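Engineer: One structure is given below, represented as structure tokens, and several questions about it will come after.
The values are calculated or read from the model by the stated rules, or taken from the named source; none is laboratory data. What you see is a predicted model, and the numbers here were worked out from it, not measured in a lab. Using ideal geometry, Cβ is built from the backbone for each residue, glycine included, and neighbour counts are taken over all protein chains shown. Calculation scope for accessible area: heavy atoms of the full protein, side chains included, ligands and nucleic acids excluded. Shrake-Rupley method; radii C 1.70, N 1.55, O 1.52, S 1.80 Å.
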Amino acid sequence: MISNFKSLFLMFLVCQAVFGQTKSDQWHLYANSRENYYGVAMANGQIGIVTDDTPLKTKEILLNGVYDGSPENGISRIVRGIEFLNLHLIINNQEIKSNNIDNWSQVVSMKEGTSTTSFTFKDFASINYTILANRAVPYSAMAIVEITPNKDIEIAANNYMVVPDELKDAKSQFRVLKDNQYLMPVFGTTAKTLTGKYTVSASTTFLFDGQSEALKKTGNEVGFSKKLVKGKKYRFAIAGGICTSKDITDPLNESERQPIYALQQGIDNLLNRHKEAWAELWNTGDIQIEGDLDAQQRVRFALYNLYSYIRPETRQSVAPMGLSSQGYNGHIFWDSELWMYPTLLALQPDMAKSCLDYRSDRLQKAKQKATIYGYKGAMYPWESDDTGEEATPTWALTGIFEQHITADVSIAFWNYYAYTQDKSWLKKEWSVLKETADFWVSRVVKNQDGSYSVLNVVGADEYAQHVDDNAFTNASAIESLKNTIKAATILNEPIDPKWVAVSEKLVIHTENGITQNYKGYKGQIIKQADVNLLAYPLHIITDKAQIEKDLEYYTEKIDKKDGPAMASGVLSVLYARLGDKEKAYSYFVKSYLPNSRPPFGVFSESANSNNPYFATGAGAMLQAVIYGFGGVEQTDNGLKYNKGLLPKKWKSLKIIGLGMDNKTITIE
């Protein structure tokens, strides 16, 4: 363990040097190097705008819950939207480009959900460019530009839109609308998704402090020109929105209303509403660590990203990469229920409920999938899109055989009831619990000794395919069945005797005192935690000695090279609960540090991958803090607050907004 600490410390020093985080504080992440740049999603749960190191440009825009076929194999994929905030800026007839600026820096404000890029252009001017996806106005976004001239200059600023390859039939227009004395210039682009399934429309206008400038269309750009005086700061903004026919019947006209609304609101009003919406989130759910700035930044950044990727009451869930990329096609996996949902449930239950609404809306499709494979009840897809049908690529066996997802969904539903004690909600969602329980009793086979098995599955350890009695699959099925029985008792619903029989006699194999990953397991390397999940987040293994044995055995079996980030997070929780401060902290650091990418420390899935931002890993790391160090425990009667455990480096840990009464706990 000492050598492990040394390697982590060295890695920490290297990361700090590479990231160039010279001025960062607990709310801001600064970068002054563009080398190996990985951007951050400025997202509001509806749209995600990924930052770029190129001045006045975004990398891409992701549209939550909007899917169309990919050209490679027709499998659904989250849609990239029209990039509508980009700007060409010319000063004294010289265009600002990526290679002709100096003093580049970028700061992400987690508190306010903004990204600001600063640079100088020759001896002409200093420029700041701030982008945000408005948290208060979900389909809108804004880019604010501040220019401080070093001499008298003339600028030409032109907004241009980038249509990604997967959109087709793009058409642009610029028109000046008029209502009495109000002139409303609107620039827009409309396109179709690849198969024509949806229409996507983005519209913008310019906002000014004081007198408006006349806008002019030149080619595919719209902008203005103006003379600026030395030393006098000048500010303007590009404001607008993006809408699709998935959510809105007439996306073109609604997208045009976004810049028209912005014109009447003004820069500061829009910016303040956005900041207030973020302030409300932080006031109702935050984690404060004293004595360890790096840990504070990482934890806040993880929370920032989780909060960015979802909105309450949208009936949407969170994909592994959130709204930061098209990774995993933007599909919804167990990542949502098992890894991200527990943090959202603890701190932002309305966001957590949205994840459940997403599953509830697709129950009929889950029932259809069960029927397709000859089972009863509801069988949730391993990868889910807007349809609720199986969206896993056909070559991946996980789509048919990784079936613990059905139990993961059911457990998340029960945990929401346990958290809220809301019986009317439980009654409304009873069918999810019942139908998933019916699936498991139709899926098992009865053994000669009266026990039950689940044959031919892929478990959480995806390296082991076509195995029998995978530990996590069986244990999650047991827990979901027991939860369904509890719910039936509360609601006075009939209890199927098969639920009871299977929950009591579904096999979990042991050998030489170790819980077996699956029947016949011989110590092979595993992809990620599987057996260890039976102790947390499941409640199947509760004996401390057994938990310790399984930890000691499986921590050496997890793939250290390519294993995903989540395992270290859950191991940290378990060691914290066992009171082992050193190992808990070591695995906490391991849950993020090897996976951090410059310049801001965005999460990648594994130490050897470059696919940030991996929200799943962030969820696991946050569980280490809340349910490990924080001593918080999910029980059938709501959250329980145990003593907790403070790493040596930390002076205090404060978790704000826990439970239905928004409790604050402090560990010192």
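Engineer: Give the long-range amide H neighbours of Gly291: residues separated by 5 or more places, or on another chain, with amide H under 5 Å away, using H modelled in the peptide plane at 1.01 Å from N.
Structural biologist: Lys651
Engineer: State in Å² the accessible area per residue of the chain; use a 1.4 Å probe, count heavy atoms of protein chains only, and round to the nearest integer.
Structural biologist: 38
Engineer: How much length is gained if the chain between Asp268 and Leu491 is pulled fully straight, taking 0.36 nm per residue apart and subtracting their Cα-Cα distance, in nm to one decimal?
Structural biologist: Roughly 75.2 nm would be gained on extension.
Engineer: Counting just the Cα atoms, what span does region 249-317 cover along each of its three principal axes? Round to the nearest Å and put the largest first.
Structural biologist: 50, 30, 19
Engineer: Let me ask something else. What length, rounded to one decimal in nm, is gained on full extension from Lys97 through to Asn447, with 0.36 nm per residue of separation minus their alpha-carbon distance?
Structural biologist: 119.0 nm
Engineer: Find, among the trypsin sites (Lys or Arg not before Pro) in region 220-306, those assigned to loop by DSSP (not H, G, I, E, B) with at most 14 other beta-carbon atoms within 10 angstrom.
Structural biologist: Those satisfying the criteria are Lys230, Lys232, Lys233.
Engineer: Also, quick follow-up: When the chain is fully extended, how far beyond the present Cα-Cα distance does Asp152 get from Asn456, taking 0.36 nm per residue of separation?
Structural biologist: Extending this stretch completely gives an extra 102.0 nm.
Engineer: Same structure again: What is the ratio of the Cα radius of gyration of the chain to 2.2 N^0.38 Å, where N is its residue count, to two decimals?
Structural biologist: The chain yields a ratio of 1.00.
Engineer: In bins 10 Å wide, starting from 0, what share of all Cα pairs of region 550-668 does each bin hold, as a percent?
Structural biologist: Cα pair-distance distribution for region 550-668, in percent: 14, 41, 33, 12, 0.
Engineer: Determine the dipole magnitude for the chain: charges of +1 sit on the beta-carbon of Lys and Arg, -1 on that of Asp and Glu, nothing else is charged, the reference point is the Cα centre, and the result goes in debye to the nearest 20.
Structural biologist: Computed about the Cα centre, the dipole is about 920 debye.
Engineer: Between region 427-461 and region 184-239, how far is it from one alpha carbon centroid to the other, in angstrom?
Structural biologist: 55
Engineer: Related question: Taking the Cα of Leu293, stepping 7 Å toward and past its beta carbon, and measuring to each backbone N in region 597-624: which are under 17 Å?
Structural biologist: Inside the label zone: 600-601.
Engineer: Let me ask you something else. Hey, could you pull the Cα Rg and Dmax for region 217-275, both in Å?
Structural biologist: Taking only Cα atoms of region 217-275, I get Rg and Dmax of 15.2, 48 Å.
Engineer: Quote the charge dipole size of region 315-449 about the Cα centre in Debye, to the nearest 20; the model charges only the Cβ of Lys and Arg (+1) and of Asp and Glu (-1).
Structural biologist: Here region 315-449 has a charge dipole of around 480 debye.
Engineer: What is region 431-486 by shape, rounded, prolate or oblate, if you read a ≥ b ≥ c off the alpha carbon gyration tensor as root eigenvalues and call it rounded for a/c under 1.5, prolate for a/b larger than b/c, and oblate otherwise?
Structural biologist: Verdict is oblate for region 431-486.
Engineer: Put a dot 7 Å past each Cα toward the Cβ at Gln368 and Gln465; how far apart are the dots in nm?
Structural biologist: Simple spin-label model gives 2.6 nm for this pair.
Engineer: Provide, as a two-decimal number, the C-alpha radius of gyration of region 514-597 over 2.2 N^0.38 Å, N being how many residues it has.
Structural biologist: That works out to 1.05 for region 514-597.
Engineer: Please list 3J(HN,Hα) in residue order for region 178-195, calculated via the Karplus relation 6.51 cos²θ - 1.76 cosθ + 1.60 where θ = phi - 60°; whole Hz, with x for glycine and proline.
Structural biologist: 9, 9, 6, 8, 8, 9, 10, x, 9, 10, x, 9, 10, 8, 10, 6, 3, 8
Engineer: Would you mind pulling out the separation of the Cα centroids of region 323-374 and region 34-101, in Å?
Structural biologist: 26
Engineer: What residues qualify as long-range amide H neighbours of Ala136, i.e. H under 5 Å apart, gap of 5 or more or another chain, H built at 1.01 Å from N?
Structural biologist: Amide H neighbours of Ala136, under 5 Å, 5+ apart: His274.
Engineer: Under a plain spin-label model, where a point goes 7 Å from the Cα along Cα-to-Cβ, how far apart in nm are Asp169 and Lys560?
Structural biologist: In this crude label model, Asp169 to Lys560 measures out at 5.6 nm.
Engineer: Taking Cα atoms, how many degrees apart are the long axis of helix 2-19 and the longest axis of the chain, rounded to 10 and kept between 0 and 90?
Structural biologist: 20
Engineer: Within 13 Å, Cβ to Cβ, of Pro342, how many net charges do the neighbouring residues add up to if Lys/Arg are +1 and Asp/Glu are -1?
Structural biologist: -4
Engineer: Could I ask something else about it? Using alpha carbons only, how many degrees (0 to 90, rounded to 10) separate the axis of helix 544-554 from the longest principal axis of the chain?
Structural biologist: In the chain, helix 544-554 runs at an angle near 60 degrees to the longest axis.
Engineer: Right, next: Using the alpha-carbon centroid of each, what span in Å lies between region 625-668 and region 546-589?
Structural biologist: 19
Engineer: Return the Rg/Rh ratio of region 438-595 with Cα-based radii and a Kirkwood Rh.
Structural biologist: Ratio of gyration radius to Kirkwood radius for region 438-595: 1.00.
Engineer: Tell me which of Asn662, Trp650, Val625 sits at the most positive position along the dipole axis of region 552-668, charges placed on C-beta atoms (Lys, Arg +1; Asp, Glu -1).
Structural biologist: Trp650
Engineer: Another question about this same structure. Could you work out the per residue convex hull volume over the alpha carbons of region 342-419, in cubic angstrom?
Structural biologist: Looking at region 342-419, the number lands at 93 Å³ per residue.
Engineer: May I ask you to work out the translational diffusion coefficient for region 305-394 at 20 °C, viscosity 1.002 mPa s, via Stokes-Einstein with Rh from the Kirkwood sum over Cα pairs, reported in whole µm²/s?
Structural biologist: Answer, rounded: 161 µm²/s.
Engineer: Still on this model: On the protein heavy atoms, probe 1.4 angstrom, tell me the percent of accessible surface of the chain carried by carbon and sulfur.
Structural biologist: Within the chain, the accessible surface is 48 percent carbon and sulfur.
Engineer: Follow-up. What pairs in Lys544/Lys640; Lys111/Lys192; Lys353/Lys640; Lys560/Lys640; Lys246/Lys365; Lys486/Lys583 have C-alpha atoms more than 24 Å from each other?
Structural biologist: Over 24 Å apart, Cα to Cα: Lys111/Lys192; Lys560/Lys640; Lys486/Lys583.
Engineer: Also: Using +1 on the beta carbon of Lys and Arg, -1 on that of Asp and Glu, and nothing else charged, what's the dipole of region 378-430 about the Cα centre, debye to 20?
Structural biologist: 420
Engineer: Right, next: Using the Cα gyration tensor of region 119-227, with a ≥ b ≥ c the square roots of its eigenvalues, what is the shape: rounded (a/c below 1.5), prolate (a/b larger than b/c) or oblate (neither)?
Structural biologist: Prolate.
Engineer: Between Lys376 and Glu72, what FRET efficiency comes out of the Förster formula 1/(1 + (r/R0)^6) with R0 = 35 Å and r the beta carbon distance, rounded to 0.05?
Structural biologist: Computed FRET efficiency for Glu72 and Lys376: 0.50.
Engineer: Return the sequence-ordered ³J(HN,Hα) values of region 515-521 in whole Hz as given by the Karplus equation 6.51 cos²θ - 1.76 cosθ + 1.60 applied to θ = phi - 60°, using x for Gly and Pro.
Structural biologist: Whole-Hz 3J(HN,Hα) from phi for region 515-521: 5, 7, 4, 6, 4, x, 4.
Engineer: If amide H atoms are built 1.01 Å from N in the plane of the peptide, which residues on other chains or at least 5 residues away come under 5 Å of the amide H of Ile558?
Structural biologist: Excluding prolines and chain starts, which carry no amide H, the hits are Ile526.
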